[in-house]
Each structure stands twice: as C-alpha cells, then as structure tokens.
Amino acid sequence: MSYDNKPLTPHTVTPAQKEERVHEIFEAISDDYDRMNDVISFGMHRGWKRALIRDMIRQRPLRILDVASGTGDIALWLARENPSTEIVASDFSAQMLRVAEQRITSEGLTNVTTDEQNAMAMDFADDSFDSTVVSFGLRNMPDYEQVLREMARVTRPGGSVYILDSSFPTHGVIKPFFKLYFKYLMPLMGRIFVGSQAEYTWLYDSTEAFLSKRELADLMRAIGLEDVSIKSHLFGSAARHRGTVPSR
C-alpha cells in the first residue's frame, strides 16, 4: 500500500494509515507467522515468552486478557500452564484469530476463547481481568498510550499489565549487528521463506520507531501504573515491562 506513490513506513504514516497497514500485514502473514518467528529469532522468542509466562503465573490470575494475541501463542501457553484460568485472546485481525482458533481446537483447550477487538477501543467492562498482556504487538499500534490506558482500564486494581516487545539495544558493540540483521537479513529471509519482504521490512521499521525501554516505562507511569519494572533480553533486543494498576 502507498499514498501519493510513496511507500509507507512507521515514521511517515498517520495513525489511521498505520492501523490499516498493520491490519493488511498480519492478515497476509498469518499462516506463516509462527514459523517465521522461530526463524528470525532463532527460537529465542520462546525463552523470552517463557519468562513472561512464569512472571504472570506467580500472580495467580483467574482471568487474563491477551491483547493483540495474533495466532494465540501467549494465550495458548497461559491456558496450558493454568487449566483453571480463563484466557481471552483478542486481536483485530480475523485471519490471525482463525489460526489461533485452529490451534485451540487441535490442542483441545477449553479455557481459552478468542474475541475480535481493536486494542484502542475494547468493549470489555472496567476491571474485567486480573492481568492483561501484549506480546510483540504494542509497537504496531497507532497510539501506544491509548492501548495502555485501555489495558489498565480493563485490569482490576492490584492487577498487572505486562508488555513484551522488541527494542533497540543500547550497547555500542551490539547495536550495529542488530541493525544489520533486522534491517537487511530479516526482510531477506521473509522473501525467501514466505515471499513477504515488504511485510518484514515494516516489522523492522516499527521496532526502530518504537519507544525506548525507559520511554515505555515512563509512559506506563504517566498513565498511572505503579511499581513499573523492566527486564531486558539479549542485550536489550527485547524487553519485558510490568506495571500494577492502582486503586481507583
């Protein structure tokens, strides 16, 4: 997609254009999304998600919302680890949720459901969940603050908001190699494996345009979350944030 014959990037789009472009991308790559995550991260994303799941389980939540769930990776993982916990996997891409539903059915999981929702205007009631989580999805949202406010709104007081996402490493030695790999080699692999170079170029650009770890933590505090913490992975290539919803 382009406007005025210029390619769209996360740096140049309007919020409405970004939302439309992200929807197109994830509708297009839904069938190959999980396989490509393993390819481009060399499987390391699973370790980062495992750490996130362990952190969430310690809070013993009874009801969890997985925002921008995509193909349901986090939601299914939580459902397996917490058979008595109700998991809702939400996403605005029907194609991604179709893949999630196929996985839920194939595994016979009964404690996870899907719900097609726009993360910036969810129709869940206030205080509906013990925890909310977004994994590798916030950077693709048109308005980070609005998504975080919605996540905090539907999380009960004392509950936790979790974010796992890519970020640019700040280490002077690591940063150039990170850029070389994710800017040039990752889109090339997208073209070779699934014929989706433009889509994986966008995913790199969205990481480059995303907030730094500290900026994201500051934004979480600015919307009222308390006890905000950060855990970096792979020299800061990804980071896990957590904040607590205060009493209303």
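For the range 74-87, enumerate the residues that are surrounded by fewer than 23 Cβ atoms within 10 Å (Cβ to Cβ), within 16 Å of the chain's Cα centre (by Cα) and either aliphatic (A, V, I, L, M) or over 19 Å from Arg54 (Cβ atoms) (or both). Give the derivation first.
Kept after step one, since they are surrounded by fewer than 23 Cβ atoms within 10 Å (Cβ to Cβ), are these residues of the range 74-87: 76-77, 80-86.
Next cut, within 16 Å of the chain's Cα centre (by Cα) only: 76-77.
Within the range 74-87, Leu76 is the sole residue that qualifies.
Answer with yes or no whether Ala119 is under 22 Å from Lys213 (Cβ atoms), small (Gly, Ala, Ser), touching a helix residue (DSSP H, G or I) at 6+ places or on another chain (Cβ under 9 Å) and part of a loop (DSSP other than H, G, I, E, B).
Taking the combined requirement at face value, the residue satisfies it.
Take the residues of the range 56-73 that are of a type outside the set (A, V, I, L, M, F, W, C) and farther than 14 Å from Val134 by Cα: which is surrounded by the fewest Cβ atoms within 10 Å (Cβ to Cβ)?
Arg58
In contact with a Phe, Trp or Tyr (Cβ under 9 Å, 6 or more places away or on another chain) and among the aliphatic types (A, V, I, L, M): which single residue out of Leu97, Leu52 fits that description?
So the residue among Leu97, Leu52 that is in contact with a Phe, Trp or Tyr (Cβ under 9 Å, 6 or more places away or on another chain) and among the aliphatic types (A, V, I, L, M) is Leu52.
Quick grid of which residues meet (1) buried (at least 21 other Cβ atoms within 10 Å of the Cβ); (2) more than 18 Å from Ile223 (Cβ to Cβ):
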site: Glu101; (1), (2): no, yes
site: Glu107; (1), (2): no, yes
site: Ser135; (1), (2): yes, yes
site: Arg153; (1), (2): no, no
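Report, ordered by the first and then the second residue, all pairs with beta carbons closer than 9 Å, sequence separation of six or more or different chains, a first member in the range 64-76 that is at positive phi, and a second member that is part of a loop (DSSP other than H, G, I, E, B) and modelled with pLDDT of 95 or more.
So the pair list comes out as Ala68/Ala119.
Among Ile163, Ile104, Ile87, which is β-branched (Val, Ile, Thr) and within 24 Å of Gln17 (Cβ to Cβ)?
Sole residue among the options that is β-branched (Val, Ile, Thr) and within 24 Å of Gln17 (Cβ to Cβ): Ile163.
For the range 145-170, give me each residue that is acidic (Asp, Glu) and more than 20 Å from His233 (Cα to Cα).
Correct list: Glu145, Glu150.
Which residues, counting only those in the range 125-142, are modelled with pLDDT under 95 and in contact with a Pro (Cβ under 7 Å, 6 or more places away or on another chain)?
Pro142
The values are calculated or read from the model by the stated rules, or taken from the named source; none is laboratory data. Remember, it's a predicted structure, so these values are computed and weren't measured experimentally. Note: ideal-geometry Cβ built from the backbone for every residue, glycine included; neighbour counts use all protein chains shown.
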